[in-house]
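See structure below.
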Amino acid sequence: MNFADMLITILNGTIIFSTPLILAALGGVINERSGVVNIGLEGLMTVGAFAAAVITIWTGETLGLPGWLAPYLGIIAAMIVGMIFAVPHAVASIDLKADQVVSGVALNIFAAGVAMFLVKKLFEGAGQTTTVQNVFTKVNIPFLSDIPIIGPGLLKIYPTSYLAFILVAVIYWMLFKTPFGLRLRAVGEHPRAADTLGVSVRKVRYIAVILSGGLAGIGGGTLSIAISSNFQHSTVSGHGFMALAAMIFGKWHPVGAMGAALFFGLATALAVSGQVLGLTQYVPSEFLNALPYLLTILALAGVVGRAEAPAASGKPYEKGSR
Amino acid sequence: MISSMQTSRWNAILIPVLAVILGLIVGGLLMLLMGYNPIVGYSSVFQGIFGNMYFMGETLRAVTPLIFAGLAVAFAFRTGLFNIGVEGQFIIGQLAAAWVGAFWTLPTGLHAAVAILVAMIASGLYGGFAGWLKARLGVHEVITTIMLNYVALFAANWTIRTYLIGASERSKDILPSASLQAQWLSDLFEGARINWGLLLALIFALVCYWLLMKTTTGYELRAVGFNPHAAEYAGMNVSKNIFLSMLISGALAGIGGATDVLGVNGNMAISAGFTGIGFDGIAVALIGNNNPFGVIFGALLFGGLSFGADNMQRVEGIPTESIQIVISMVIYFVAAASVVNWLLGKFRRRQGVSQK
């Protein structure tokens, strides 16, 4: 394998493996910027991955809709289901003034339980869905895909990866350039001040938590119908927590979170393609697998330093309290 | 004043109990909705826990590591730290015990004690490392502990494969001198793998309670958890307490891992994924309201229901996940305790008024 091919493999892998993390971390950013902690990203990704696989199978294989359309319907379903599952967390965190970490943990267990329960129910007791036939395929853009290295490395990717990068820009714009974004950040930093100025803390936080559910759902969907082609108990395995880490690593900023997710993606790509690239003859594969996590710790300890969460993150807001 | 303290103490017991009842009701409704009979389902869970001595012994075997994991999570929580890394610390404990148990030669009894001690130290330092990163460099413990989980998993796999390998992807079996199993105990429970680890778990729950509630160190740890700024103002060393809390939390997780190797499996397997016990510990601690005795209750509930669920799926064909959903509901209701509290408060006030 020559150097150009190696570079292409690594670049492409970086984009693909970072996509679910970017999406879920964006959800985390919106969520925590509004002052609600969401440990439940993992669970939201799980139901998203489940819904995407099942709806893609149902629409493409059972209903016989066109094969290109089915995965898009799957992703939309993942988003909607993610939003629905975020609602109990929103109710608990915002109206019931519950401990948000506890509620998030409950959400993770609940979501994994519901998804696997339904898999067993729908697929006659099997531990996984059948293989999804109409998964996303990498897009081939005429001319652009022919650019050496960058074309096959960075541009020949799944549509969901394009979606992730577009959403980074959209959410950056929303958070920092629109009145709603200003309100959302105000509610997360100083809810009492926002309330005084007539912003409904409750409404803004509900919107943020539900949006976050949608994004994490899409992120989960990319795992089951782009990166792999079925849903089982290990499909999500820890991606939600990695997204959480990416969010903190990226200092609660959409672009920062994307950067952190790309970094994890790069490290994962190195680990996964270590065998192909011939790295395993120099270092044990376990070391390559542990590398992303070791590098993150080093980066956080040495370079990034203190991370400050939004001031009101994790604190329920009670009207009139001081 | 006294009566309000009594009320809060009552609520500490009442809320989890109500949460369990509500959780079981919601789970039952779900089973009904999916076309299963919840009474049949729950009674097969009950059978799977209490049906015979073997099931009871195996349930207690499953509960043992959960007590340690729950204690570890709860201990860190009390200092305001969220230790998601119990999973990794548990793995380090397993690894240390597997190494000492198989490769050191010591007299019976002492061997097990030394193996547990080494596991405690190794896992304590592993957890303490995350605490040090937080105290010294301000790195968020949630990220570092998540990352250290993966590092522990891969490091353990590599160590077993390179240095400890026995038969078929497992570490060499521990020597009988390091075993925590007791023949009479196993016989009593019809061959279940219940072992001395359970007794250790109960002892350490007591130790945790004593340490947190009855010593100056514990007072400082809790003060830092309540309000680090106030604690610092009062002259406490916040950094030291953060490190100490993670050190103890990690050590507790490590003993759990050690009892798993020395008491149950006798070796450690190379594993593609996590044991899940560390993550379950979070749920256990939350059900137990981060109180050491609450953790025992949480572990019995969590471990019992999860173990009994296998019987339900085997006998009645109802997926084990329905019990997982029940557990999540219990945690949700514990989290939303303010509602239960509020209801109880209203109820009490009305009673009080009518008595006057």
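For the reader, a short list of remarks on this structure follows.
- Output for the stretch B:82-101, where each listed residue is touching a Ser or Thr at 6+ places or on another chain (Cβ under 6 Å), more than 10 Å from residue B:257 (Cβ to Cβ) and of a type in the set (Val, Ile, Thr): B:84
- Helices (runs of 4 or more DSSP H) wholly inside the stretch B:180-233 containing at least 1 residues that are in contact with a Ser or Thr (Cβ under 8 Å, 6 or more places away or on another chain) and among the β-branched types (Val, Ile, Thr): B:216-226
- Top-ranked residue of the stretch B:267-298 - restricted to ones that are of a type in the set (Val, Ile, Thr) and within 12 Å of chain A (Cβ to nearest Cβ), ranked as farthest from residue A:99 (Cα to Cα): B:270
- Selected residue (criterion: surrounded by the most Cβ atoms within 10 Å (Cβ to Cβ)) from residues of the stretch B:161-186 that are in contact with a strand residue (DSSP E or B) (Cβ under 8 Å, 6 or more places away or on another chain) and aliphatic (A, V, I, L, M): B:164
- Among the residues of the stretch A:41-50, at least one is in a helix (DSSP H, G or I), closer than 19 Å to residue A:212 by Cα and within 11 Å of chain B (Cβ to nearest Cβ).
- Selected residue [among the charged types (D, E, K, R) and over 30 Å from residue A:128 (Cβ atoms)] from A:177, A:156: A:177
- Looking only at residues of the stretch A:79-117 that are aliphatic (A, V, I, L, M), more than 18 Å from residue B:287 (Cβ to Cβ) and in contact with a Pro (Cβ under 9 Å, 6 or more places away or on another chain), we find that the one that is nearest to the other protein chains (Cβ to nearest Cβ) is A:116.
- Scan of the stretch A:107-126 for residues that are among the aliphatic types (A, V, I, L, M) and at pLDDT below 90, ordered by number: A:126
- Annotation note: of B:301, B:262, the sole residue that is part of a helix (DSSP H, G or I) and within 14 Å of another protein chain (Cβ to nearest Cβ) is B:301.
- Tally of residues being more than 8 Å from chain A (Cβ to nearest Cβ) and farther than 28 Å from residue B:237 by Cα across the stretch B:131-152: 1
- When the stretch A:135-151 is filtered for residues that are within 24 Å of the chain's Cα centre (by Cα) and in contact (Cβ under 8 Å) with a residue 24 or more places away in the chain, the ones remaining, listed by number, are A:135, A:136.
- Any hit, the stretch B:268-279, residues being modelled with pLDDT under 95, buried (at least 24 other Cβ atoms within 10 Å of the Cβ), part of a helix (DSSP H, G or I) and of a type outside the set (Val, Ile, Thr): yes
- Flag not set for residue A:22, criterion: under 16 Å from the mean Cα position of the chain (by Cα) and surrounded by fewer than 24 Cβ atoms within 10 Å (Cβ to Cβ).
- Leading residue by the ranking (farthest from the chain's Cα centre (by Cα)) among those in the stretch A:61-73 that are within 20 Å of residue A:217 (Cα to Cα) and assigned to a helix (DSSP H, G or I): A:70
- Any hit, the stretch A:146-164, residues being modelled with pLDDT of 90 or more, crowded, with 19+ Cβ neighbours inside 10 Å and polar (S, T, N, Q): yes
- Matching residues, the stretch B:330-339, being among the hydrophobic types (A, V, I, L, M, F, W, C), surrounded by fewer than 24 Cβ atoms within 10 Å (Cβ to Cβ) and within 7 Å of chain A (Cβ to nearest Cβ): B:339
Conditions (1) among the aliphatic types (A, V, I, L, M); (2) closer than 25 Å to residue B:83 by Cβ, marked per residue:
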{"position": "B:129", "(1), (2)": "no, yes"}
{"position": "B:133", "(1), (2)": "yes, yes"}
{"position": "B:156", "(1), (2)": "yes, yes"}
{"position": "B:162", "(1), (2)": "no, no"}
{"position": "B:174", "(1), (2)": "yes, no"}
{"position": "B:183", "(1), (2)": "no, no"}
{"position": "B:188", "(1), (2)": "yes, no"}
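- When restricted to residues that are surrounded by 20 or more Cβ atoms within 10 Å (Cβ to Cβ), in contact with a Gly (Cβ under 6 Å, 6 or more places away or on another chain) and among the aliphatic types (A, V, I, L, M), the stretch B:187-223 contains 3.
- Any pair with Cβ under 8 angstrom, 6 or more apart, that starts in the stretch B:76-92 at a residue that is away from chain A (no Cβ under 12 Å) and of a type in the set (D, E, K, R) and ends at one that is surrounded by 24 or more Cβ atoms within 10 Å (Cβ to Cβ) and in a helix (DSSP H, G or I): B:78/B:221; B:78/B:245
- Enumeration of residues in the stretch A:270-302 that are buried (at least 20 other Cβ atoms within 10 Å of the Cβ) and polar (S, T, N, Q): A:289, A:296
- So residue B:249, is it small (Gly, Ala, Ser), surrounded by fewer than 20 Cβ atoms within 10 Å (Cβ to Cβ) and in a helix (DSSP H, G or I): no
- Boolean, residue A:133 is more than 14 Å from every other protein chain (Cβ to nearest Cβ) and surrounded by fewer than 21 Cβ atoms within 10 Å (Cβ to Cβ): yes
- For the stretch A:191-213, residues that are surrounded by fewer than 24 Cβ atoms within 10 Å (Cβ to Cβ) and either in contact (Cβ under 8 Å) with a residue 24 or more places away in the chain or part of a helix (DSSP H, G or I) (or both) total 13.
- Wholly enclosed helices (runs of 4 or more DSSP H) of the stretch A:234-322 bearing at least 3 residues among the small types (Gly, Ala, Ser) and either more than 8 Å from every other protein chain (Cβ to nearest Cβ) or within 17 Å of residue A:35 (Cα to Cα) (or both): A:239-249, A:254-272
- Residue count for the stretch B:315-328 under the criterion of being in a helix (DSSP H, G or I) and either of a type in the set (Ser, Thr, Tyr) or at the interface with another protein chain (Cβ under 7 Å from one of its Cβ atoms) (or both): the result is 6.
- Which listed residue, of A:76, A:141, is β-branched (Val, Ile, Thr), more than 8 Å from every other protein chain (Cβ to nearest Cβ) and more than 19 Å from residue A:45 (Cβ to Cβ): A:141
The values are calculated or read from the model by the stated rules, or taken from the named source; none is laboratory data. None of the values given here were measured: they were computed from a predicted structure. Neighbour counts are summed over all protein chains in view; Cβ atoms, including those assigned to glycine, are modelled from backbone coordinates with ideal geometry.
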